[in-house]
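Participant: Pasting a structure here, questions to come.
Just so you know, all these numbers are worked out from the coordinates, no wet-lab data involved. The structure displayed is predicted, hence computed values, not measured ones. Glycine gets a Cβ as well: all are built from the backbone with ideal geometry, and neighbour counts include every protein chain shown.
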């Protein structure tokens, strides 16, 4: 892709120029998507949303009309991961019944267009909170409480979607879900392993011996955390979009709550102890992990007495994901320099998971 072919000018503040090794044939893309979009007039310009470590996300701009394209990352892919057809299918079923799901417009599985499958969806606008709060909310403790509640409530709303009725009854296999999850992530570790990490092995054994009895199955987003919400800039209780649906399935809803807890650090809990960067949730006024669990239990009406298992599992899974990202860099499958710095985080996450397992009393 060259500047003349389609690099966006006057980039929106949440985008950046496309990274050189993640470019593609803009003319071929244009020929494929223009006839299938509701409005696409004028020259196609392309920019990239630079955040994230998994699928690649791009802005497609036709004059005043903007869309979002999702495609897999570079290099060999983990089996069953980065499935564009699956993500497109989930959003196609959800957007009419679950307002935070963006509407998809097209799926292209022909590798002859840009080299990989991709899909295009509507562009939604709002605030995504990552390392700091936006200025208009930065000093408001009431907003921090509201953000905590909004995150839990959108999770409860997703888990209440009648997935069979909307055509997603065969999306996953709820029976034996957690056993397969524990076994599957152990297998993923082996495929990505380049060194011994004893804590990973100990946590894997601990999990396999303690899989809880499953609750009724729901949709499971698998990565529902604060920075995967897009919020209204005027109203922090309004969710404009839930992002990153690539891992959505059907199974045990407490997996989503455990994932949220594993990413959430509360005031007085140094982020270093959680083996992750500082989180905005450490600011005074945000819910503690215990308060998140209490609100979820009250709103969803589910037994959360074994929630420590799901949080340990989420930390373990995150350690494996970080190793998968690191090994892609080590094997030369990506040149993103961020990925080369991730090896120590794998050990830190594994130790944190093991410490929590030993303290849990399960």
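Participant: I want to make sure I understand the PRE zone here: with the label point 7 angstrom from the Cα of residue 25 toward its beta carbon, which residues in segment 97-121 have backbone N atoms less than 13 Å away?
Facilitator: Residues 110-116 fall inside that zone.
Participant: Take the Cα coordinates of the chain, assign each an equal point scatterer, and use the Debye formula without solvent to give log10 I(q)/I(0) at q = 0.08, 0.15 Å⁻¹.
Facilitator: So the normalised log intensities work out to -0.40, -1.51.
Participant: Is segment 133-222 best put as rounded, prolate or oblate by its Cα gyration tensor, with a ≥ b ≥ c the root eigenvalues, rounded for a/c under 1.5, and otherwise prolate when a/b is larger than b/c, oblate when not?
Facilitator: oblate
Participant: Also: Can you put 144, 359 in order, fewest other beta carbons within 10 Å first?
Facilitator: Listing 144, 359 from fewest to most nearby Cβ atoms yields 359, 144.
Participant: If R0 is 22 Å, what FRET efficiency do you get for residue 140 and residue 11 from their C-beta distance, rounded to 0.05?
Facilitator: 0.15
Participant: Further question on the same structure: In nm, give the distance between the simple-model label positions of residue 234 and residue 305, each being 7 Å from the Cα along the Cα-to-Cβ direction.
Facilitator: 4.7 nm
Participant: To continue, here is another question. Once R0 is set to 30 Å, what does the formula 1/(1 + (r/R0)^6) return for the Cβ-Cβ distance between residue 124 and residue 291, expressed as a FRET efficiency to the nearest 0.05?
Facilitator: In this case the efficiency is close to 0.55.
Participant: Can you tell me the length gained on complete extension of the stretch residue 282 to residue 213, counting 0.36 nm per residue apart and subtracting the Cα distance?
Facilitator: 21.6 nm
Participant: Could you work out how far the C-alpha centroid of segment 188-265 sits from that of segment 132-160, in angstrom?
Facilitator: Here the answer is 18 Å between Cα centres.
Participant: To the nearest 10 degrees, how steeply does helix 141-159 sit against the main Cα axis of the chain, on a 0 to 90 scale?
Facilitator: Roughly 90 degrees, rounded to the nearest 10.
Participant: Could you give the length gained by full extension between residue 358 and residue 338, i.e. 0.36 nm per residue of separation minus their alpha carbon distance, to one decimal place? Please list the in-between numbers first.
Facilitator: Values: separation 20, 0.36 × 20 = 7.20 nm, distance 3.17 nm.
Gain on extension, residue 358 to residue 338, equals 4.0 nm.
Participant: With a point put 7 Å past each Cα toward its Cβ, work out how far residue 131 is from residue 190 in nm, to one decimal.
Facilitator: 3.9 nm
Participant: Okay, moving on. Between residue 41 and residue 165, what FRET efficiency comes out of the Förster formula 1/(1 + (r/R0)^6) with R0 = 35 Å and r the beta carbon distance, rounded to 0.05? Intermediate results must be reported in sequence, preceding the final value.
Facilitator: Values: r = 38 Å, r/R0 = 1.07.
Efficiency computed from Cβ-Cβ geometry: 0.40.
Participant: Right, next: 7 Å from Cα along Cα→Cβ at both residue 103 and residue 85: what's the point-to-point distance in nm?
Facilitator: Inter-label distance under the simple model: 2.5 nm.
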